[in-house]
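The structure appears below as structure tokens.
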Amino acid sequence: MRWRTWAPILVGAIAGSALLRPSAATAQTQISLVCGVSGDATAPASIAYDPFAPSGLSQATIPLTLRRNRLLTARTGDVSLILVAPSGTPPIEVTYQGYDVLYAEGAAAGRPRALDSVDGGAGAAGEIRYRFGGPFATDLSAPLNLRVTVPPGTDLSVNETIYLDMIYICSGEGGLLSVPVPIRQARAIRLDLNVVSALQAYYAGSALNFGEIGDVTTQAVQAAPASYTTSGANSVRVRSSGPYEVTVHSQNDFRLTYPGGNPGAAAQTIRYSMRFLGRDITSNASFGTRSCARAGVSGGASLPIRATLLEGGSGKTPSQNYADTISITFTPVVTASAAQSCTGS
């Protein structure tokens, strides 16, 4: 008597998007004895990033607004700056007027340099340069359009905000002191992106098959359960940008039966259990819904799955094909307060 459980049917879907909070502009002009600027850049709410889309997020325009320091009529005149991605920042690209202005930690190569050739925002290769107006001009710069590119497959999570540091030099006018030595302003730029909560899942392995058990008694099965347990090499692979929920359903409520057999008749069924997400499942009612923490987009998670026979085939109605079908459904969600790590065997 040969039986098998077929590979699970896995379902993954895009559940919607998580809109991250916009950053608030600086409330007022910074009063200082030395020149300086603060920055504000917010991604428009219409920009959505799906980490599984082939195109990723291509060249979204995000306006950067600078606010200068001043003290009465003394003010910041010119500024030259670059952006720095602290260690651990996702691999994004930021350009200004066609030049890269975002540098990895420790790779700025002496930028920003001298303030010569500052020309109303025309800038220089690899830097953002801007000239503010006179003592009665606005303290806000014109929008400096940054082009932000997020490559496809970047491991961004739902509800994640990207912060960039700013390094600048500036000139003071009207009595405000200049800053010729670069100053670093941590988390000066906040990039809010609309990251879609998305998920991919697939079964990796072979059919959960115990082989011929027609002459095997229930007593023999229960005396040596490891001999009637499928390989732990079979697993479900999951990648997700956010948390997700898992449900498990057996067509015959974790009973094997043959085509035309009666799942409610003991002589026509063989009971088994399944080990998944750290739980032994013996019925559809015993698993419920499991909330899992984000699996990640790059490596994801490997979730082992094993089946263990609970009865032998001896004394059952003879058939060549005792089987059951297991369906595992994965549903991405935006938030899950009770989500747990789902990597247990």
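Ignoring solvent entirely, what values of log10 I(q)/I(0) come out of the Debye formula for the chain at 0.10, 0.11, 0.15 Å⁻¹ when each Cα is a single scatterer?
Evaluating at q = 0.10, 0.11, 0.15 Å⁻¹ gives log10 I(q)/I(0) of -0.70, -0.77, -1.11.
Run the quick spin-label model on residue 31 and residue 279: label points 7 Å from Cα toward the beta carbon, then report their separation in nm to one decimal.
Simple spin-label model gives 6.0 nm for this pair.
Computed FRET efficiency, Cβ-Cβ of residue 181 and residue 161, R0 30 Å: what is it to the nearest 0.05?
0.50
Search the structure for amide H atoms under 5 Å from the amide H of residue 100, placed 1.01 Å from N in the peptide plane, and list their residues when 5 or more places away or on another chain.
Amide H to amide H, under 5 Å and 5 or more residues apart or across chains, residue 100 pairs with 126.
Around residue 303, which amide H atoms from residues at least 5 apart in sequence, or from another chain, sit under 5 Å from its own amide H, with H modelled in the peptide plane?
Here the answer is 236, 237, 238, since their amide H atoms fall under 5 Å of that of residue 303.
Output ³J(HN,Hα) for the range 143-157: one whole-Hz value per residue in order, computed from phi by the Karplus curve 6.51 cos²θ - 1.76 cosθ + 1.60 with θ = phi - 60°, and x for Gly and Pro.
Per-residue couplings from phi come out as x, 9, 6, 8, 9, 9, 10, 10, x, x, x, 5, 7, 8, 10 Hz.
Between beta-carbons, use under 9 Å as the cut-off and find the net charge around residue 84, counting Lys and Arg +1, Asp and Glu -1.
Taking every Cβ under 9 Å from that of residue 84, the sum is -1.
Taking the Cα centroid of the range 203-246 and of the range 251-275, what is the distance between the two, rounded to the nearest whole Å?
Going from one Cα centre to the other spans 16 Å.
What FRET efficiency comes out for residue 136 versus residue 336 if R0 is 41 angstrom and r is the Cβ-Cβ distance? Round to the nearest 0.05.
Calculated transfer efficiency: 0.15.
Compute a Gaussian network model of the chain, connecting alpha carbons closer than 10 Å, and tell me which residue from 201, 226, 293 fluctuates the most.
It is 226.
Bear in mind that the values in this text are calculations on the coordinates, not laboratory data. Keep in mind the model is a prediction, meaning the values are calculated, not measured. As a convention, Cβ positions derive from the backbone with ideal geometry for all residues, glycine included, and neighbour counts pool all protein chains shown.
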